[in-house]
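Notes for the one structure printed next.
The values are calculated or read from the model by the stated rules, or taken from the named source; none is laboratory data. Given the structure is predicted, the values throughout are model-derived calculations rather than measurements. Neighbour counts are summed over all protein chains in view; Cβ atoms, including those assigned to glycine, are modelled from backbone coordinates with ideal geometry.
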Amino acid sequence: MKRYEIVFTKQAKKDVDLLMPKLKQKLKSILENVIAVDPYAGKKLVGELAGYYSYRLSYQDRIVYQIEAHKIRVIILRVRTHYGD
């Protein structure tokens, strides 16, 4: 099974820079072991974020991403916020 390529937006990179080292490690682990392997493991979002997926990073932080199945690529949009925050 092919692994998905992970791509970060500028905003997602800024979010990652603000994370505590422990959460950065957890993020890396989730991206490599869960999202790159099966991006559909995340929760499908609805409303204005329809078409995107979310995966819990911590109690308040979520990884919000978009799946480009035809390119076997996942685009990470946000890492810190809880949806609209």
ask   = Is it fair to say SER54 is of a type in the set (S, T, N, Q) and modelled with pLDDT of 95 or more?
value = yes
ask   = Going through segment 1-41 one residue at a time, which ones are over 16 Å from ILE72 (Cβ atoms) and among the small types (Gly, Ala, Ser)?
value = ALA12, SER29
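For segment 1-28, give me each residue that is of a type in the set (Asp, Glu) and crowded, with 16+ Cβ neighbours inside 10 Å.
The initial filter retains those residues of segment 1-28 that are of a type in the set (Asp, Glu), namely 5, 15, 17.
Of everything in segment 1-28, just one residue is of a type in the set (Asp, Glu) and crowded, with 16+ Cβ neighbours inside 10 Å, namely ASP15.
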message = If I ask for residues that are assigned to a helix (DSSP H, G or I) and of a type in the set (D, E, K, R), which ones from segment 1-27 would you list?
response = LYS10, LYS13, LYS14, ASP15, ASP17, LYS22, LYS24, LYS26
Total residues in segment 29-74, condition surrounded by 13 or more Cβ atoms within 10 Å (Cβ to Cβ), among the charged types (D, E, K, R) and not in a strand (DSSP E or B) = 1
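Being of a type outside the set (Lys, Arg), more than 11 Å from LEU57 (Cβ to Cβ) and modelled with pLDDT of 95 or more is the filter here; which residues of segment 1-16 pass it?
Once the filter is applied, which keeps residues that are of a type outside the set (Lys, Arg), more than 11 Å from LEU57 (Cβ to Cβ) and modelled with pLDDT of 95 or more, segment 1-16 yields TYR4, GLU5, ILE6, VAL7, PHE8, THR9, GLN11, ALA12.
Results for (1) among the β-branched types (Val, Ile, Thr); (2) more than 9 Å from the chain's Cα centre (by Cα), shown as yes or no for each residue.
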residue	(1), (2)
ILE35	yes, no
LYS43	no, yes
ASP61	no, yes
TYR65	no, no
ILE72	yes, yes
LEU77	no, no
ARG80	no, yes
